[in-house]
Amino acid sequence: MPGGKAGDDVGMTSDIALLTEDLTKFYGQRRGIEGLSLEIRAGEVVGFLGPNGAGKTTTIRLLLDFLRPTRGHATVLGLDPRRDKAALHRQIGYLPGELVFPGRDKAEDLLRFFAAARGGVAWSQVAELAERLDLDLSRPVRTMSKGNKQKVGLVQAFMHRPAVLVLDEPTSGLDPLMQQEFLAMVRDARVAGQTVFMSSHVLAEVQQVADRVAIVRAGRLAAVERVESLGKRAVRAVEIHFDDPVDPAEFSVLPGVRDVVVSGPVLKCTVDGRIDPLIKAAARHEVMDMLSAEPDLEETFLSFYYHAEGAGDASRAGA
Amino acid sequence: MLPALVRKTWRDDRLALIGWTGGVAAFTAIYTSFYSQFQGAAELKQDALPQGMLDFLGIADMLSPAGYLQATIFSLVGPLLVLMCAITLAARTIARPEEDGGMELMLANPVSRAAFAWQRVVAAGSALTGIAAIPWILLMIIVPWIGMDIALSNVAAASAGLVALVWCFAGIAFLVGAATGKRAAVLAITGGLAVATYMANAIGGMVDGWHWVRWLSPFHYFIGTDPLHTGWHPAELLALVLLGAAATIAGVIVFDRRDIGV
């Protein structure tokens, strides 16, 4: 984007961990993902954002070779997901979005199976992760709560220290404390040079750890941005308290100003981009108070998503 | 050492395997052991059923040892039992875990699709073979023990046929599961096929002009050769094994080519 950070490549290796070109998947007539072209460098942490049904899981399942593309292709670590599946999966840690474990094993036995199936993972690595996530391995996985199942899923994804972590909704079911612990695990993975590709519809968590975010909507890639540049172009929520009632029409015509709601002397709106026109317009009145919320990815994202869809959806974004 | 997935498959199926082993063993042992006590009542039973019904059930006579074994173990309930076992275990290789979602994490391990399918086949197939061979093993012990007057080689031939029949239908069940990923499809299609081909064999043996349909039925290759009287028929057994093998190979190929868990 214009004004984005020049020299994104500085300090990065040229190794491409994950590459998709025109990756497309239709289920009959129904679109999963269409024309996705994405490039993720080794060692990057990339958040994959979008509302439910946008095509995140379809993309991830294409990368893992559960699905075969209708068109286009993907490579992971330079390897073909289908042809090189066995070699590739040794280097991928995968957390499914719909987490179901095979069998009725205790967590320990299940993880020993994964350890053996991946060519022998040192048990100390498993124990370390389990301790970090405060997970009791002696219980059957089937009887566990959703949160504890999710921890088992995370342990199996991280246990063999894979070069690439592909995580579908990784924090789903985790309590806030464990979400933070998970984010710390992602930071550690980044330090260790692992590449992380994680889908989410909760943006706060991605904002904390990701280098870049890829945003999909309705099966198409809407944007790929560095997290910090998303912050710059962010939409902010602004609330201005005037001395006297004001006319909403005066503000709704301003560039970048949307969702104008006036109740008596209080104006609420969102501002996309420069805030200056709004300030100048407000200055014509007696301003008692002004609040501008910290721009966060959630609003940026919603604005991106809904405003592009048209006015009908904008009302839903007003919350 | 065996692949982790093979061991895991056995472990996950262990309750079912123990249940089927116990069931098939009890069925074989109890029926065969009743041979001596049964002899008095056999004539009554044989007279009680019309000849057409006896033919349909594949019961030639219940008085000779061969006729008794045919009527009890090999004609209806025995094959029914081991085929139910074969079909449900084959449904567990791919269809069931695909439907409940548990297959995804197994497939995320470093194995190719085909290797995954083969390891599931080997695990389920070996367990199934063991269960289908239980009548064989027990009959080799019980028949001499209770002094049934029949050549053990003929009993072995019929028992081997039961194993071959299981391989045939297990292969078909695996193919359906590998192609559709639906447990209900495995049970309905393979079960329906078993019933239809059983009927084809029975009716083909009774109705003039319809003898040819027997050649379409796996049951004909299993028991239509009357192994309890005539001994080994390797070509027929081989036909069953080859059909099962062909279905299994087709299943692996189809599974390797399709989307998973859609």
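The values are calculated or read from the model by the stated rules, or taken from the named source; none is laboratory data. Computed from a predicted model, the values in this text were never measured in an experiment. All Cβ positions, even for glycine, are placed from backbone atoms using ideal geometry, and neighbour counts span all protein chains on display.
Tabulated data
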{"item": "Failed item, numbered, when B:His220 is tested on (1) part of a helix (DSSP H, G or I); (2) at pLDDT 95 or above", "result": "(2)"}
{"item": "Residue count for the stretch B:238-258, restricted to those that are buried (at least 18 other Cβ atoms within 10 Å of the Cβ) and either more than 18 Å from B:Leu83 (Cα to Cα) or within 14 Å of chain A (Cβ to nearest Cβ) (or both)", "result": "3"}
{"item": "Unmet requirement for B:Trp232, which otherwise passes all of (1) assigned to a helix (DSSP H, G or I); (2) closer than 19 Å to B:Thr129 by Cβ; (3) not charged (D, E, K, R)", "result": "(1)"}
{"item": "Filter pass, B:Gly261 being in contact with a helix residue (DSSP H, G or I) (Cβ under 7 Å, 6 or more places away or on another chain), within 14 Å of another protein chain (Cβ to nearest Cβ) and small (Gly, Ala, Ser)", "result": "yes"}
{"item": "Residue within the stretch A:193-200 that is among the aromatic types (Phe, Trp, Tyr) and farther than 27 Å from A:Asp22 by Cα present", "result": "no"}
{"item": "Filter result (surrounded by fewer than 19 Cβ atoms within 10 Å (Cβ to Cβ) and in contact with an Asp or Glu (Cβ under 7 Å, 6 or more places away or on another chain)) within the stretch B:111-139", "result": "B:Ala114"}
{"item": "Failed criterion for B:Gly244 (all others in (1) without any contact (Cβ under 8 Å) to a residue 40 or more places away in the chain; (2) assigned to a helix (DSSP H, G or I) hold)", "result": "(1)"}
{"item": "Exclusive hit being part of a helix (DSSP H, G or I), surrounded by fewer than 15 Cβ atoms within 10 Å (Cβ to Cβ), at pLDDT 95 or above and on the phi < 0 side of the Ramachandran plot, set B:Gly52, B:Gly22", "result": "B:Gly22"}
{"item": "Spans of helices (runs of 4 or more DSSP H) in the stretch B:103-185 with at least 1 residues farther than 30 Å from A:Leu88 by Cα and either in contact with a Phe, Trp or Tyr (Cβ under 7 Å, 6 or more places away or on another chain) or within 14 Å of chain A (Cβ to nearest Cβ) (or both)", "result": "B:113-132, B:152-180"}
{"item": "Hits in the stretch A:117-174 (condition: free of Cβ contacts under 8 Å to residues at least 12 places away in the same chain, within 12 Å of chain B (Cβ to nearest Cβ) and out of contact with any Lys or Arg (no Cβ under 9 Å at 6 or more places or on another chain))", "result": "A:Gly120"}
{"item": "Failed item, numbered, when B:Leu63 is tested on (1) farther than 27 Å from B:Ile146 by Cβ; (2) in a loop (DSSP other than H, G, I, E, B)", "result": "(1)"}
{"item": "Residues (of a type in the set (A, V, I, L, M) and crowded, with 20+ Cβ neighbours inside 10 Å) located in the stretch A:134-162", "result": "A:Leu135, A:Val141, A:Val152, A:Leu154, A:Val155, A:Ala157, A:Met159"}
{"item": "Unmet requirement for B:Ile142, which otherwise passes all of (1) surrounded by fewer than 21 Cβ atoms within 10 Å (Cβ to Cβ); (2) without any contact (Cβ under 8 Å) to a residue 40 or more places away in the chain; (3) hydrophobic (A, V, I, L, M, F, W, C)", "result": "(2)"}
{"item": "Neighbours by Cβ (under 9 Å, 6+ apart or cross-chain): first from the stretch B:1-15, under 18 Å from B:Ile87 (Cβ atoms); second charged (D, E, K, R)", "result": "B:Thr9/B:Arg92; B:Thr9/B:Arg120; B:Asp12/A:Arg104; B:Asp12/A:Asp105; B:Asp12/B:Arg92; B:Asp13/B:Arg92; B:Leu15/A:Arg104"}
{"item": "Candidate set from the stretch A:88-103 (those that are out of contact with any Phe, Trp or Tyr (no Cβ under 8 Å at 6 or more places or on another chain) and more than 7 Å from every other protein chain (Cβ to nearest Cβ)); member that is nearest to A:Thr58 (Cα to Cα)", "result": "A:Gly97"}
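Let's see how each residue does on (1) among the aliphatic types (A, V, I, L, M); (2) modelled with pLDDT of 95 or more; (3) at negative phi:
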residue: B:Ala160; (1), (2), (3): yes, yes, yes
residue: B:Trp167; (1), (2), (3): no, yes, yes
residue: B:Ala173; (1), (2), (3): yes, yes, yes
residue: B:Arg183; (1), (2), (3): no, yes, yes
residue: B:Ala188; (1), (2), (3): yes, yes, yes
residue: B:Gly192; (1), (2), (3): no, yes, yes
residue: B:Trp210; (1), (2), (3): no, no, yes
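To keep it simple, each residue is scored yes or no on (1) within 13 Å of B:Leu162 (Cα to Cα); (2) in contact with a Leu (Cβ under 9 Å, 6 or more places away or on another chain); (3) not aliphatic (A, V, I, L, M).
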{"residue": "B:Ala202", "(1), (2), (3)": "no, yes, no"}
{"residue": "B:Met206", "(1), (2), (3)": "no, no, no"}
{"residue": "B:His211", "(1), (2), (3)": "no, no, yes"}
{"residue": "B:Leu216", "(1), (2), (3)": "no, no, no"}
{"residue": "B:Phe219", "(1), (2), (3)": "yes, yes, yes"}
{"residue": "B:Leu228", "(1), (2), (3)": "yes, yes, no"}
{"residue": "B:Gly231", "(1), (2), (3)": "no, no, yes"}
{"residue": "B:Leu238", "(1), (2), (3)": "yes, no, no"}
{"residue": "B:Leu242", "(1), (2), (3)": "no, no, no"}
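For (1) surrounded by fewer than 22 Cβ atoms within 10 Å (Cβ to Cβ); (2) in contact (Cβ under 8 Å) with a residue 12 or more places away in the chain; (3) on the phi > 0 side of the Ramachandran plot; (4) more than 13 Å from every other protein chain (Cβ to nearest Cβ), each residue gets a yes or a no:
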{"residue": "A:Gly32", "(1), (2), (3), (4)": "no, yes, no, no"}
{"residue": "A:Ser37", "(1), (2), (3), (4)": "yes, yes, no, yes"}
{"residue": "A:Glu44", "(1), (2), (3), (4)": "yes, yes, no, yes"}
{"residue": "A:Lys56", "(1), (2), (3), (4)": "no, yes, no, yes"}
{"residue": "A:Leu67", "(1), (2), (3), (4)": "no, yes, no, no"}
{"residue": "A:His73", "(1), (2), (3), (4)": "yes, yes, no, yes"}
{"residue": "A:Arg83", "(1), (2), (3), (4)": "yes, no, no, no"}
